[in-house]
Amino acid sequence: MLAETKSLHQPTEVDANRFEKVKPHLELIAALLSGVLIFIGWLLSKYDLGTASVMVYVAAYFIGGFAKAKEGIEDTIANKELNVEMLMIFAAIGSAIIGYWTEGAILIFIFALSGALETYTMNKSHKEISALMDLQPEEALRVKNGIEEVVPVAALTVGDHILVKPGERVPSDGKIIEGHTNLDEAAITGESIPVSKSLNDEVFAGTVNLRGSITVEITKPNHETLFQKIINLVQTAQSAKSPSQQFIERFEGKYVKTVLVVVGLMMFVPHFALGWSWQETFYRAMILLVVASPCALVASIMPATLSAISNGARHGILFKGGMHLENLGNLKAIAFDKTGTLTKGKPEVTDVVVREDLTEEELLQRVGSIEKFSNHPLASAIVSFANAKGSVLIKPENMQDVAGFGVQASFDGVEWKVGKADFVGRNEAEQFQNGKALTFAEQGKTVVFARDEKGIAGVLALKDTVREETIRAIQALKQEGIHTVMLTGDSKKTAIAIASETGIDMHIAECLPETKVEEMKKLKERFGTVAMVGDGINDAPALATASVGIAMGEGTDVALETADIVLMKNDLPRIAEAVKLSKKMNRIIKQNIIFSITVIMILIASNFMQSLALPMGVIGHEGSTILVILNGLRLLRL
């Protein structure tokens, strides 16, 4: 009996889950369904089934207009001010009163569809906060009086000691009091190369412990960690309204009031002042309500925007909304993250310098063999380079990892050391081959030294190499008159080297996430409309702060969700193409707006002069709407 009861309840739970998945799309589904009903009603009217067609139109009114009507009524009550939603409802009802059900229903459909798309985009844009939260551990292993205890991260206090094992994320900001390790700090700094950490070094929440176990003393409350600041910065930036959005909201109230006041006067004044009949007065008022409705104005923007968005999607550029596409055309400056955006995000061996009595093949065999069995952050890059050069790697003897310095091992009784300058002898390392290592360091490269029994055997320089298409992308943006900037967490030497290689106009080095936000605010004050291009978690606040955030398609989920535009194929030159597309769209939208307003003014003036019949008013109103839609659809062919 219990099993039967459970099975009876199971479909209800499944249905509830399905409803939750469909719920965010209900407004869009309702708008599309109303469009289908309009078509059915039109067919019925063609076959002289007037009553049936009216019933179908009424259904289209309710299904398509419910969400916007509800929103309009609620906003009117809350703000004590009429809005465009209410004007649309009145215009649709006015069309029905004078017998033009099709026009009223189409008005509802166009407005409902645009509202549904806007709602869907807004819901989508809030997912990055949950994506950020998923990266912060919920529990930590606290050590107190030698006893380990799993506790919620929120329960940690300043001074607590926590144990972080290899592969785990650091749960809160602190400093290392025991152990040595390498930390992947890409979530904070964006730097692709892991950082060696030892006693008293600072660690940040959200970073990944790659190697040894470490004991960390908490130095900040959970709500003050650097990772939590990233979340707060994203929330703050996304809640701010753009100037254009604020202007539209101010314009909306004035437009609605003006139209409704004029329509109200039109229903009475002409009868007494001009001697019109009541029937003529009401007829002219209803025509005014129809022709003054901003249907053509709405169509001036939405079809052009959707066409441009579809065009961009075909070319690997994903726009999350029309506002972002519009802003792109006004771009004056663009900032780039370095790692994974301008560069490939993975270090590669760029130079090998060998002692005179050795060959490059011999050096790579020894160093590659040692690094193959090492967990050094740069090991995989060196091994890949050695393999590509055809080196036959062998297993070394007496392998020993010296934390924070390098690795040492033996081949046939000869000891080799691979690592930092201090590990192999700084003075000798810096003087090797007339200071080649210092030259590499000046170029922003990471230097790895190798030493055998005779001294420094060779030097390997590694660098996060610039993407092949980066230089073309920068040049294309400059041709559009856009100032280029690089914001990076790397050192000044690395920033200078990359900026010189790519042709970037300006670079700012050693940036933390909050630094990037501050620099982005300064750029916006200086240039106005500024874009940010990035791929990492650490870029999310800057992406949200920028006028337009652009993410690389292979970037982190947080960057993809935070950004306004996504380059699906990581093709940087597409940004310049997107700018051109945006400028073309803005021109077409301006053409449409000027045309639609002109038509509305002519129709209104003709109505006052009693020279406009209702059919001609409808033809003029709907005709102008069709024309601006067709003009917008031209963007599909670019």
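Considering each residue of the range 352-361 in turn, at least one proves to be in a helix (DSSP H, G or I) and farther than 26 Å from Asp564 by Cβ. Checking each residue in the range 143-162 for being assigned to a strand (DSSP E or B) and touching a residue at least 24 places away in the same chain (Cβ under 8 Å) picks out Val143, His161, Ile162. Candidates are the residues of the range 605-623 that are outside any helix (DSSP H, G or I) and out of contact with any helix residue (DSSP H, G or I) (no Cβ under 8 Å at 6 or more places or on another chain); the one that is modelled with the lowest pLDDT is Ala613.
Tell me which residues, restricted to the range 525-537, are more than 19 Å from Thr343 (Cβ to Cβ), touching a helix residue (DSSP H, G or I) at 6+ places or on another chain (Cβ under 8 Å) and outside any strand (DSSP E or B). Once the filter is applied, which keeps residues that are more than 19 Å from Thr343 (Cβ to Cβ), touching a helix residue (DSSP H, G or I) at 6+ places or on another chain (Cβ under 8 Å) and outside any strand (DSSP E or B), the range 525-537 yields only Thr529.
Looking only at residues of the range 163-184 that are assigned to a strand (DSSP E or B) and under 21 Å from Leu378 (Cβ atoms), we find that the one that is most open to solvent (accessible area, probe 1.4 Å) is Asp184.
Among the candidates Ser369, Ser277, Ser380, Ser374, the residue that is closer than 30 Å to His180 by Cβ, open to solvent by 10 Å² or more (accessible area, probe 1.4 Å) and modelled with pLDDT of 80 or more is uniquely Ser380.
Per-residue answers, yes or no, for (1) free of Cβ contacts under 8 Å to residues at least 40 places away in the same chain; (2) part of a strand (DSSP E or B); (3) open to solvent by 20 Å² or more (accessible area, probe 1.4 Å):
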site	(1), (2), (3)
Glu501	yes, no, yes
Thr515	yes, no, yes
Glu519	no, no, yes
Asp539	no, no, no
Ala542	no, no, no
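Scanning the range 365-398 for residues that are among the aliphatic types (A, V, I, L, M) and closer than 17 Å to Phe440 by Cβ yields Val367, Leu378, Ala381, Ile382. When Ile600, Ile626, Ile593 are checked against the criterion of being surrounded by 16 or more Cβ atoms within 10 Å (Cβ to Cβ), of a type in the set (Val, Ile, Thr) and assigned to a helix (DSSP H, G or I), Ile600 stands alone in meeting it.
The condition (being in contact (Cβ under 8 Å) with a residue 24 or more places away in the chain, in contact with a Cys (Cβ under 8 Å, 6 or more places away or on another chain) and surrounded by 19 or more Cβ atoms within 10 Å (Cβ to Cβ)) is satisfied by just one residue among Leu477, Leu460, Leu487: Leu487.
To keep it simple, each residue is scored yes or no on (1) of a type in the set (Lys, Arg); (2) assigned to a loop (DSSP other than H, G, I, E, B); (3) modelled with pLDDT of 85 or more; (4) farther than 23 Å from Phe405 by Cα.
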{"site": "Ile188", "(1), (2), (3), (4)": "no, yes, no, yes"}
{"site": "Val216", "(1), (2), (3), (4)": "no, no, yes, no"}
{"site": "Asn232", "(1), (2), (3), (4)": "no, no, no, yes"}
{"site": "Gln235", "(1), (2), (3), (4)": "no, no, no, yes"}
{"site": "Ser244", "(1), (2), (3), (4)": "no, no, no, yes"}
{"site": "Phe251", "(1), (2), (3), (4)": "no, no, no, yes"}
{"site": "Leu260", "(1), (2), (3), (4)": "no, no, no, yes"}
{"site": "Leu265", "(1), (2), (3), (4)": "no, no, yes, yes"}
{"site": "Thr281", "(1), (2), (3), (4)": "no, no, yes, yes"}
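Taking the condition in contact with a Gly (Cβ under 8 Å, 6 or more places away or on another chain) and either surrounded by fewer than 20 Cβ atoms within 10 Å (Cβ to Cβ) or of a type in the set (A, V, I, L, M) (or both), does Ala69 pass? The answer is no for Ala69.
The values are calculated or read from the model by the stated rules, or taken from the named source; none is laboratory data. No experiment lies behind these values; they were computed from the predicted model shown. Glycine gets a Cβ as well: all are built from the backbone with ideal geometry, and neighbour counts include every protein chain shown. Only protein heavy atoms, including side chains, enter the accessible area calculation; ligands, DNA and RNA are left aside. Shrake-Rupley method; radii C 1.70, N 1.55, O 1.52, S 1.80 Å.
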